[in-house]
Structure formats: C-alpha cells, structure tokens
Amino acid sequence: MEKPGEIPYVAAMQTESAALMPIPGHIDPVPVPRARVARPDGRIDLLGLSKLELRMALETSQLEPKQAKLRAKQLFHWIYNRGVTDFSLMTDISKTMQPWLANRFVISRPQVVEAQVSTDGTRKWLLRSPDGQDYEMVFIPDADRGTLCVSSQVGCTLNCRFCHTGTMRLVRNLEPSEIVGQVMLARDALGEWPSQPEGRMLTNIVMMGMGEPLYNFDNVRDALKLVMDGDGLALSKRRITLSTSGVVPMMARAGEEIGVNLAVSLHAITKEVRDEIVPLNRKYGIEELLQACADYPGANNARRITFEYVMLKDKNDSDEDARELVRLLKLYDLPAKVNLIPFNPWPGAPYECSTPERIRAFSNIIFEAGISAPTRTPRGRDIDAACGQLKTAAEKKSRAELDRQAEEKLAALG
Ligand code: SAH
Ligand code: SF4
C-alpha cells in the first residue's frame with residue numbers, strides 16, 4: 001500500500017540517495033524493507049504526513065483542490081500542534097465534514113508494548129510497528145529540561161562493538177510516521193498538548209536511540225521537519241541533536257537539509273582502536289570525519305559540535321589519548337565540546353567502563369586545553385535505558401550469541 005499522495009519524484013529521490021550510499025560490505029547488515037501492512041478497515045493513516053501530503057491524501061479522496069488545501073492546513077494544526085486524534089474534536093471543521101474524514105482516515109500512534117520507569121525518573125517505552133517490529137524510546141527528565149531520545153531504525157545498520165543495539169540482527173528503517181510518532185506519544189504521555197516552546201517537560205530531542213540516523217536520511221529528515229514546523233510541534237532546531245557514528249557522505253546534507261545540532265560518536269583517536277570499536281571507521285577514517293565536521297554547515301562557537309567519547313577501560317582512556325584528542329580538535333579548528341560517556345554494560349559486552357578517577361583525569365586534560373568535557377551521568381541503567389543499552393528482545397539471536405549465553409548460564413550455575 002502506497003502512502004496517499006506519495007508523489008513519484010519523492011520515491012525516485014529516495015532510490016537515488018540510497019544508491020549514493022551503498023551499505024558498506026562486511027560491516028553492515030542490509031536493512032530489510034518494511035512489510036507494509038494495510039489497515040484492516042481500509043482507512044488511511046495521516047500520522048507522519050506533511051502539509052502537502054495531507055492535501056494530496058484529501059485530493060485523492062476527491063476533495064476539490066481549494067478545499068483540500070484549507071482542510072490540510074487545519075488538519076496539520078490539529079494533528080501536530082493539538083495532538084488530537086479524534087476528528088469530532090476538530091471544532092473548526094464542519095459537523096458534516098468530520099464523519100467524512102473519520103470514514104476515510106485515522107490518526108494513529110505507535111503501539112505501546114511496555115512502559116517502564118527508572119528509579120531516577122527516566123522512562124522507557126517499548127513500541128511495536130504494524131508489521132511487528134519493536135523499537136524503543138527514552139525520556140530523560142532533568143531539573144531544567146526534558147530530553148526525548150528517539151530511535152531511527154529497528155536495530156542498527158552498523159555494529160559498534162560496545163553497543164548493544166549493534167548486536168541486533170534485524171534492521172529496518174523507521175518511517176517518518178514512526179519517528180515523529182515517538183514525539184507525539186511522549187507528548188501524550190506527559191499530557192503536553194498543545195505543543196508550545198515554553199513550560200513543557202519535553203524540551204529537547206536527541207536522535208540517539210536505536211539506529212544510525214544518517215543511514216535513514218530521508219525519513220529522519222522528513223520526520224524532523226514535522227517536529228520543527230512552527231504550525232505543529234514547533235521545536236526549535238537548536239533543541240534537537242542528531243548523533244552519527246560518522247557517515248561522512250551524508251553529513252553536509254544533514255546540515256543543509258535538517259540543520260539541527262550535530263553530535264559525532266568519535267570514541268577513539270587512533271585508526272587501530274577506532275577501526276575496532278566503530279567498524280565504520282574502516283570506510284570513513286578519522287581525518288575525513290573531522291574534516292566533514294569542520295565543514296558542517298551552521299557549526300560555530302555558539303553552536304558547537306559535540307564529540308561523544310565512550311570511556312572504555314584500557315582501550316581509549318589514557319592521558320595520551322586525551323592529549324591527542326585535544327590536538328586533533330585544535331588541528332581542525334573545530335568549535336567542539338566533548339561529552340564523556342561512561343560505558344554502560346550489557347550482558348556479554350567485550351569491554352569494561354573506565355574507573356571514575358581515570359575519567360576525571362581524562363576530562364581534566366581536555367578542560368585544561370580550554371575545551372568543555374563534562375561526563376554524562378548514566379540515566380535509566382536499571383531499566384536498560386542508558387546509552388547503548390537499547391535492544392529489543394524480539395530479534396533473532398545469532399548462534400554464537402546463543403552459545404555464549406548458554407555458557408554464561410552454565411558458568412553461573414558453577
Ligand atoms: N547511532 C548513533 C546514535 C545512537 S547511539 C551514534 O552512534 O552516534 C548514542 C550514543 O551512545 C553514541 O555516541 C554511542 O556511541 C553511544 N553508546 C553506544 N553504546 C554505548 C554503551 N554501551 N555505553 C555508552 N555509550 C554507548
Ligand atoms: Fe549503531 Fe550508534 Fe550503536 Fe554504533 S553506537 S551500533 S551506530 S546505534
């Protein structure tokens with residue numbers, strides 16, 4: 001089933017950008033296409049559609065063009081600004097038009113399979129798509145802000161060695177409706193409609209959930225455009241951060257076409273170590289990556305690029321590593337801040353977290369060079385909601401993993 005009003009050139013563009021971006025051989029599993037599941041009632045879901053797509057959906061249902069344009073504008077506001085899912089509550093749409101819409105369309109939400117709350121207030125939702133794929137989103141409340149960590153894929157195209165999501169075998173790109181749907185669901189759960197910039201718990205969005213957002217570029221862009229639209233969810237691009245493990249060819253486009261803050265998962269400063277822990281480095285090396293950061297449109301001293309650095313014991317956490325990191329950031333003249341992430345463990349992970357003293361020493365060296373380097377406090381570890389812990393149980397496990405788990409269980413039994 002095609003999306004209503006999907007214009008052919010959009011489909012053509014998607015094919016072209018996918019062709020520009022071959023999945024790097026042995027590094028990546030190939031994303032599986034979405035199994036499109038038609039709604040049993042035959043109605044069309046409006047969630048995730050832009051103003052233009054809403055208009056085309058209405059025109060396809062035989063509404064005359066002028067009417068369609070007006071109604072699309074009204075629907076856009078009700079859907080994305082007011083969070084309304086029931087057409088009978090749309091008070092500026094006539095009483096005869098409301099059932100006409102309800103007979104043809106729905107405004108859905110992702111299905112919630114499980115909602116958990118951590119002792120530190122972090123909340124995690126397990127969501128399920130109509131074709132039975134599971135993905136997660138996490139809400140992290142702080143005193144002065146609330147951050148929603150949004151997923152872009154089921155699993156991940158890549159497989160960084162320290163990341164639990166990277167061990168998932170099945171990969172599917174999330175649709176714009178599934179990405180923006182996470183934000184809508186969070187607003188529902190927090191009771192924060194209408195969406196407005198001030199006085200809300202959900203103030204920031206980070207594309208740091210499951211998946212590599214730049215391997216799902218078109219859908220992430222389309223979803224974030226909905227999130228940023230002033231007539232809808234209206235979140236400022238300054239409050240949205242996209243994190244990439246370093247998909248260099250897509251970084252300039254991300255700056256130009258999305259324009260949000262950039263975070264880069266650097267994690268190591270030698271080819272040897274980065275090749276090991278972020279295998280994508282074998283395709284796009286550190287120099288290339290840092291040059292792409294230097295060229296990132298919109299980066300300046302007021303809008304710095306965040307370099308994420310996971311602290312792995314005896315792997316990437318020495319004083320020399322810290323000094324080399326500083327040297328590289330200065331060499332490329334990068335408006336940078338560094339975010340040190342204590343490694344979050346998961347069963348069978350091949351690394352350990354650096355000691356707190358080591359992390360402090362590492363951080364001090366960077367601070368002394370005039371670059372901010374705070375340590376991220378792990379949040380939601382007790383419900384596996386912290387960075388790199390997301391992984392849904394539904395995916396098939398590899399033979400090796402099953403064997404390893406069996407061994408662990410035997411060892412635990414003594
Ligand atoms: N795929 C994107 C965004 C999602 S991951 C990326 O890699 O940038 C968000 C951040 O958590 C990344 O910096 C990632 O490297 C880091 N991360 C992954 N696994 C982790 C773990 N086990 N402990 C701490 N941080 C981890
Ligand atoms: Fe994917 Fe990011 Fe995890 Fe790497 S760290 S496997 S890119 S989600």
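Considering segment 263-289, the residues that are more than 16 Å from ligand 1 (Cβ to nearest atom) and either part of a helix (DSSP H, G or I) or at pLDDT below 95 (or both) include one that is least open to solvent (accessible area, probe 1.4 Å), namely E288. For segment 166-194: of the residues being of a type in the set (S, T, N, Q) and open to solvent by 10 Å² or more (accessible area, probe 1.4 Å), which is nearest to ligand 2 (Cβ to nearest atom)? Within segment 166-194, the match that is nearest to ligand 2 (Cβ to nearest atom) is T167. The set of residues in segment 107-120 that are out of contact with any Asp or Glu (no Cβ under 9 Å at 6 or more places or on another chain) and without any contact (Cβ under 8 Å) to a residue 40 or more places away in the chain comprises Q111, E114.
Cβ-Cβ contacts under 9 Å between residues 6 or more apart (or on different chains), taken from a first residue in segment 361-377 that is modelled with pLDDT under 95 to a second residue that is surrounded by 17 or more Cβ atoms within 10 Å (Cβ to Cβ), are listed as R376/E308; R376/N339; R376/L340; R376/I341; R376/P342; R376/C387; T377/P342. Would segment 74-84 turn up any residue that is without any contact (Cβ under 8 Å) to a residue 60 or more places away in the chain and of a type in the set (S, T, Y)? No, segment 74-84 has no match at all. The single condition among (1) part of a helix (DSSP H, G or I); (2) within 16 Å of ligand 2 (Cβ to nearest atom) that I341 does not satisfy is (1).
List the number of the failed condition for G348; all other conditions in (1) modelled with pLDDT under 95; (2) buried (at least 20 other Cβ atoms within 10 Å of the Cβ); (3) small (G, A, S) hold. So the condition that G348 fails would be (2).
Would you be able to tell me the number of residues in segment 331-345 that are within 29 Å of the chain's Cα centre (by Cα) and either surrounded by fewer than 16 Cβ atoms within 10 Å (Cβ to Cβ) or more than 12 Å from ligand 1 (Cβ to nearest atom) (or both)?
First, pick out the residues of segment 331-345 that are within 29 Å of the chain's Cα centre (by Cα): 332-345.
When the remaining residues are screened for being either surrounded by fewer than 16 Cβ atoms within 10 Å (Cβ to Cβ) or more than 12 Å from ligand 1 (Cβ to nearest atom) (or both), the result is 332-337.
Residues in segment 331-345 being within 29 Å of the chain's Cα centre (by Cα) and either surrounded by fewer than 16 Cβ atoms within 10 Å (Cβ to Cβ) or more than 12 Å from ligand 1 (Cβ to nearest atom) (or both): 6 in total.
Just one of the listed residues (V227, V247, V260) is within 16 Å of ligand 2 (Cβ to nearest atom) and either more than 12 Å from the chain's Cα centre (by Cα) or buried (at least 18 other Cβ atoms within 10 Å of the Cβ) (or both), and it is V247. Residues that are touching a helix residue (DSSP H, G or I) at 6+ places or on another chain (Cβ under 9 Å), within 16 Å of ligand 1 (Cβ to nearest atom) and either over 24 Å from D384 (Cβ atoms) or part of a loop (DSSP other than H, G, I, E, B) (or both) within segment 186-225 comprise G209, M210, G211, E212, L214, F217, N219, R221, A223, L224, listed in sequence order. Would you confirm, using the coordinates I've provided, whether A254 is crowded, with 23+ Cβ neighbours inside 10 Å and either in contact (Cβ under 8 Å) with a residue 40 or more places away in the chain or not in a helix (DSSP H, G or I) (or both)? Spelling it out, A254 is indeed crowded, with 23+ Cβ neighbours inside 10 Å and either in contact (Cβ under 8 Å) with a residue 40 or more places away in the chain or not in a helix (DSSP H, G or I) (or both).
Taking the conditions exactly as written (under 29 Å from T203 (Cβ atoms) and in contact (Cβ under 8 Å) with a residue 24 or more places away in the chain), does V278 satisfy them or not?
Details: under 29 Å from T203 (Cβ atoms): no; in contact (Cβ under 8 Å) with a residue 24 or more places away in the chain: yes.
No: the conditions fail for V278.
Taking segment 230-244, which residues are within 15 Å of the chain's Cα centre (by Cα) and either in contact (Cβ under 8 Å) with a residue 60 or more places away in the chain or outside the structural domain of P194 (by TED's automatic domain parsing) (or both)? Talk me through it step by step, then tell me what you get.
Filtering segment 230-244 for residues within 15 Å of the chain's Cα centre (by Cα) gives 237, 239-244.
Correct list: T241, S243.
Among the candidates G121, G83, the residue that is in a loop (DSSP other than H, G, I, E, B), modelled with pLDDT of 95 or more and open to solvent by less than 30 Å² (accessible area, probe 1.4 Å) is uniquely G83.
Just wondering, is there one or more residues in segment 363-374 that are within 16 Å of ligand 2 (Cβ to nearest atom) and either surrounded by fewer than 18 Cβ atoms within 10 Å (Cβ to Cβ) or not assigned by TED's automatic domain parsing to the domain that holds M251 (or both)? I'd like the intermediate steps shown before the answer.
Of segment 363-374, the ones within 16 Å of ligand 2 (Cβ to nearest atom) are none.
So far as segment 363-374 goes, no, none of its residues is within 16 Å of ligand 2 (Cβ to nearest atom) and either surrounded by fewer than 18 Cβ atoms within 10 Å (Cβ to Cβ) or not assigned by TED's automatic domain parsing to the domain that holds M251 (or both).
The values are calculated or read from the model by the stated rules, or taken from the named source; none is laboratory data. As the structure is a prediction and not an experimental result, all values here were calculated from the model. Because the Cβ atoms are built from the backbone with ideal geometry, glycine has one as well, and the counts that use them run over all protein chains shown. Heads up: the accessible areas ignore ligands, DNA and RNA and are worked out on the full protein's heavy atoms, side chains in. Shrake-Rupley method; radii C 1.70, N 1.55, O 1.52, S 1.80 Å.
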